[in-house]
1. Name the residue that is modelled with the lowest pLDDT, counting only residues in the range 378-407 that are within 28 Å of residue 207 (Cβ to Cβ) and of a type in the set (D, E, K, R).
2. So if I check each of 106, 84, which one is modelled with pLDDT under 95 and either in contact with an Asp or Glu (Cβ under 9 Å, 6 or more places away or on another chain) or part of a strand (DSSP E or B) (or both)?
3. Quick check on my filter: what residues within the range 255-303 are touching a residue at least 60 places away in the same chain (Cβ under 8 Å), assigned to a helix (DSSP H, G or I) and within 26 Å of residue 328 (Cα to Cα)?
4. Return the only residue of 176, 181 being farther than 19 Å from residue 295 by Cα, within 10 Å of the chain's Cα centre (by Cα) and of a type outside the set (Val, Ile, Thr).
5. Kindly indicate which of 314, 318, 277 is in the same structural domain as residue 369 (by TED's automatic domain parsing), out of contact with any Gly (no Cβ under 9 Å at 6 or more places or on another chain) and buried (at least 23 other Cβ atoms within 10 Å of the Cβ).
6. Quick check on the range 134-145. Is at least one of its residues out of contact with any Asp or Glu (no Cβ under 8 Å at 6 or more places or on another chain), in a loop (DSSP other than H, G, I, E, B) and among the acidic types (Asp, Glu)?
7. If you go through the range 52-72 one residue at a time, do you hit one that is surrounded by fewer than 18 Cβ atoms within 10 Å (Cβ to Cβ), in a strand (DSSP E or B) and either of a type outside the set (Asp, Glu) or touching a residue at least 24 places away in the same chain (Cβ under 8 Å) (or both)?
8. For residue 151, which of the numbered conditions (1) outside any strand (DSSP E or B); (2) outside the structural domain of residue 208 (by TED's automatic domain parsing); (3) within 35 Å of the chain's Cα centre (by Cα); (4) crowded, with 17+ Cβ neighbours inside 10 Å fails to hold?
Amino acid sequence: MEEQHQRICLVHYHEIGLKGHNRSNFEKRLVKNIEALLGGFPVVTIHRISGRLCVFLREGCDLETAVAVSDAIRGVPGVARVSCGFKCERDLEEMGQVAANALAECDEFETFKVHARRNHTDFETDSMQMNQIIGAALCKAFPEKKVKMKDPDVTVVVEVVQSSSYIYARSVRGIGGLPVGSSGKVVSLLSSGIDSPVALWKLARRGAECIGVHFSGRPQTSDASEYLVDDIAHVLEKTGCIARVYIVPFGDYQKEIALKVPPSLRIIMYRRLMFKVAEVIASRERAGALVTGESLGQVASQTLDNIRATDAAVEIPVLRPLIGSDKLEIIEAAQTLGTYEISSQDAPDCCTLFMPRSPETHAKLDQVLEAEALLPLDEWIPKIVEAADILDYRCPSFKSRIKAVVQER
């Protein structure tokens, strides 16, 4: 009976490897994030070895399980690539057999090559010799396939470390970036639309803990958008990219604004009040910036003049990761992320409520402030914040200081 070798998933990272003396902190954060997110999989342990992480799977795991683990890991921020393979002894004959097993599990291919390396010189066979020996074993096992040194269909990688060998051929690309929890905390304005989930995800990919704030049109509209945002958050939490969402009933305040300010300035007023509320939430959560899904010139509120008038409402920095992206690029990112189908569903929210026929596209700050003086913001803002429901999601790095009001929807 053929010996069963332990299956592994090797997690490669790039940007973390460029860090200096604090590199180990980033590695530890990535290990903790992956451990937490793999809680439902048959994982024995995760170790750091030779500039990467090795996820050891339980004995008896099949390829389907290994691929499922790989797919779960590849979307985690900080992961550049995930490879499914095997651990075996540092014996050249055994390594050749395992390399053949790894290659056999690849999808259809016609050409291959071997890339071998040793990380410790106590193994006498050098990298060049290993390439030749393992390559000969694979040629014997797959006589119908061809060796191709440049751009082969599959590369079989053989890594010899101090006590073992790691061999893999199946490899998929991750999203890269930095581990969530390594770059502070942000509060992201999160609608049920296409853009804002992508903006939040881009900040998570840069290592930020993300807290969403959804402004619902309730009670002037239905709460349908709130359920779509919850669905979006469940997609994001699969890879630990969102920690919690504040659901803010905003419709009555929009109605009051529509009655008191010039119609052309309504959108600016809505957004300035949203920013002020989000800034209070950011202060409570000790977040360092706000995030929006705005793209320059996409709609009336996203001109330079209107962005300036909106930003002036708060002192906290406002980050716009999509500012230079067009709609097709954002849609493509949403499709990759898995939120596009959810965001494409129709649901009334605050963005469609009490909209003017001719919104101002070049707001003057002095006129905005004059109109805003008619609104009792000092009275409104605390009430709006206190009326928010809080939904928590699985984010391994997040340590809550504030108890969630609502655990599930």
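1. Pass one, the range 378-407, residues within 28 Å of residue 207 (Cβ to Cβ): 385, 388-407.
Subset that is of a type in the set (D, E, K, R): 389, 392, 394, 399, 401, 403.
Values: 389: 96, 392: 96, 394: 94, 399: 86, 401: 66, 403: 69.
Ranking the qualifying residues of the range 378-407, first place goes to 401.
2. On the way: 84 fails: modelled with pLDDT under 95.
Sole residue among the options that is modelled with pLDDT under 95 and either in contact with an Asp or Glu (Cβ under 9 Å, 6 or more places away or on another chain) or part of a strand (DSSP E or B) (or both): 106.
3. 267, 268, 300
4. On the way: 181 fails: within 10 Å of the chain's Cα centre (by Cα).
Sole residue among the options that is farther than 19 Å from residue 295 by Cα, within 10 Å of the chain's Cα centre (by Cα) and of a type outside the set (Val, Ile, Thr): 176.
5. Numbers: 314 fails: buried (at least 23 other Cβ atoms within 10 Å of the Cβ); 318 fails: buried (at least 23 other Cβ atoms within 10 Å of the Cβ).
Checking each option against the conditions leaves just 277.
6. Within the range 134-145, one or more residues are out of contact with any Asp or Glu (no Cβ under 8 Å at 6 or more places or on another chain), in a loop (DSSP other than H, G, I, E, B) and among the acidic types (Asp, Glu).
7. So far as the range 52-72 goes, yes, one or more of its residues are surrounded by fewer than 18 Cβ atoms within 10 Å (Cβ to Cβ), in a strand (DSSP E or B) and either of a type outside the set (Asp, Glu) or touching a residue at least 24 places away in the same chain (Cβ under 8 Å) (or both).
8. (4)
The values are calculated or read from the model by the stated rules, or taken from the named source; none is laboratory data. None of these values were measured; they are calculated from a predicted model. Positions of Cβ are generated from backbone atoms using ideal geometry, with glycine treated the same way; all protein chains shown enter the neighbour counts.
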